[in-house]
Every structure is written in C-alpha cells, then in structure tokens.
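Each value in this text was obtained by applying a stated rule to the coordinates, not by laboratory testing. A quick note: this is a predicted structure, and the numbers were derived from the prediction, not measured. Every residue, glycine as well, gets a Cβ built from its backbone with ideal geometry; the counts of neighbours run over all protein chains shown.
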Amino acid sequence: MENPIQNLISILNASHHPIELEVKPEPNTKPNDCLNIVKRKVESDGGKMVLGWQIWKTQYWVEAEFHAVWEDLNLELHDISPKAIPIKKILFVEDEKLTYDGTQKESIRLNYSNNQFVDDLFKVWEAIFRFDNKGERKFLYDLSSVLNHDQLEYKKYLINLKQIIEYILKLNGNRNSNCPCNSGIEFHSCHGKDFDIKVSLDI
C-alpha cells in the first residue's frame, strides 16, 4: 500500500528527513504566526530560525504547510507556535532551499482518495491564495481596508464555497451530493455551477 506522507515528502524534495517535534507554544502567542514567534525567540534567547514544512494528514489528503521552528544553542529544534487545533506533536521537514521574503507560501497538497471533490477543494484554496497574494496584497496582513466592493464579495464567495465543500466532505459526499444551502438540488447544479470559471476569476 502506498504511503501518502512519503509520496508528499518525495514531491517536496526537501533537504532533510522528517522528524517529530513536540508542540510547546511560547506564552501569549497565536496560531498562524510562526515566523514572528520564532523571530522574537531568537532575539531573546539566541539560536536561529529554521524553515521547512509541517505535514498534516486528513481523511482525504496530505498537506505540507510552510513553517518555521526554533533551533536552540544546542542545535535542537523546537516547535514553539500554537496550532488552530489541539495537537501535541507535528511532523516537520527542514528544507534549506526555503527562504522568506515577507510573503506567504502556498501549501503543497496531495489527494490520496478516489474523491475528485477533494481536487475541487484544492482549487478553491488555490483561488483564495491567488486572490490574497495578487500584486501588493501579498505584502499585507489585513486586506479589509484595501479591497473594493467586488473584491470583498468575491472573497466572501470563495470562503463560503470552501466551507460548503468542506461540510460535504465531512459527510463523505461528492459533487453530486445535495448542496447544504437548503436549495434542494445537487452541489454541481447549485453553488458548484460554473465552478471552474468562478474559481479562475482574476479580481
């Protein structure tokens, strides 16, 4: 049987082998802020920032998310950033090829299921990433003050579409499942109508 995590790590072609790290967040920190958390730790305690990927596995896919950890003065690695979900350990792959230029880095995902609806979810995530990182937006943390009405509506649409697909997948559904918006019709004819066109818009 194929190992999806090993397949993903092969795609990464990272410079190091994966290791397990305990998650021990620094006090008064928040999720999705690993770079700033590690930067402050280096400034206060020495050591250095190490870039790589934290690996997640779900029912349908595996994902490599850009991540920073702290290397102490004894060359030991520590994950000091809190997670959005309770978790005690992560699988971390150091990658010396990675650099940080102040912009986001898109996650790398692999669908290991037979459900093509997972690929649709990937397309929505990719659309959200493209939107958030178009032009000067890639350097901004909060976009709410720079988006016009059409852009705000499109971002809301993408977020809603993501939540709908995630909900259907939690029920082991697919494109032919009823849309959870209570329309009474299948997703592909409801919120999924003209799906590929809508997620490809450049706004």
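List of remarks:
- Translational diffusion of the range 115-198, µm² s⁻¹ [Kirkwood Rh, Cα pairs; Stokes-Einstein; 10 °C; 1.306 mPa s]: 116
- Of Lys170/Lys198; Lys155/Lys198; Lys83/Lys123; Lys57/Lys170, pairs whose Cα-Cα distance is over 18 Å: Lys170/Lys198; Lys83/Lys123
- The candidate values were [x] 1.46; [y] 1.00; [z] 0.96; the one computed from these coordinates for Rg/Rh (Cα atoms, Kirkwood Rh) carries the label [y].
- Here each label is just a point 7 Å from Cα along the line to Cβ, and for Asp119 and Leu152 those points are 3.6 nm apart.
- Dipole magnitude of the chain, debye to nearest 20 (Cβ charges: Lys/Arg +1, Asp/Glu -1, about Cα centre): 480
- Phi-derived couplings, Karplus 6.51 cos²θ - 1.76 cosθ + 1.60 at θ = phi - 60°, listed residue by residue for the range 44-61: 8, 10, x, x, 8, 8, 10, 9, x, 10, 9, 9, 10, 10, 10, 4, 10, 8 Hz, with x used for Gly and Pro.
- Computed from phi, the 3J(HN,Hα) profile of the range 80-87 under the Karplus parametrisation 6.51, -1.76, 1.60 (θ = phi - 60°) reads 10, 10, x, 10, 5, 10, x, 8 Hz, with x in place of Gly and Pro.
- Taking Asp196, Asp120 and counting other C-beta atoms within 10 Å, the order from fewest to most: Asp196, Asp120
- Under a 5 Å amide H cut-off, with hydrogens placed 1.01 Å from N, Val23 pairs with Lys89, Ile90 among residues at least 5 apart or on other chains.
- Distant-in-sequence amide H partners of His191 (H built 1.01 Å from N, under 5 Å): none
- Cα-based helix-to-principal-axis angle, 117-132 vs the chain, degrees rounded to 10: 70
- Cα-based helix-to-principal-axis angle, 149-170 vs the chain, degrees rounded to 10: 90
- Sparse packing (at most 16 other Cβ atoms within 10 Å of the Cβ) combined with a DSSP loop state is found for the following chymotrypsin sites (Phe, Trp or Tyr not before Pro) in the range 1-104: Tyr100.
- Phi angles across the range 28-36 convert, under the Karplus curve 6.51 cos²θ - 1.76 cosθ + 1.60 with θ = phi - 60°, into 3J(HN,Hα) values of 6, 10, 10, x, 6, 9, 4, 5, 5 Hz, Gly and Pro given as x.
- q = 0.18, 0.22, 0.24 Å⁻¹: log10 I(q)/I(0) that the Debye formula gives for the range 7-105, counting C-alpha atoms only: -0.84, -1.26, -1.48
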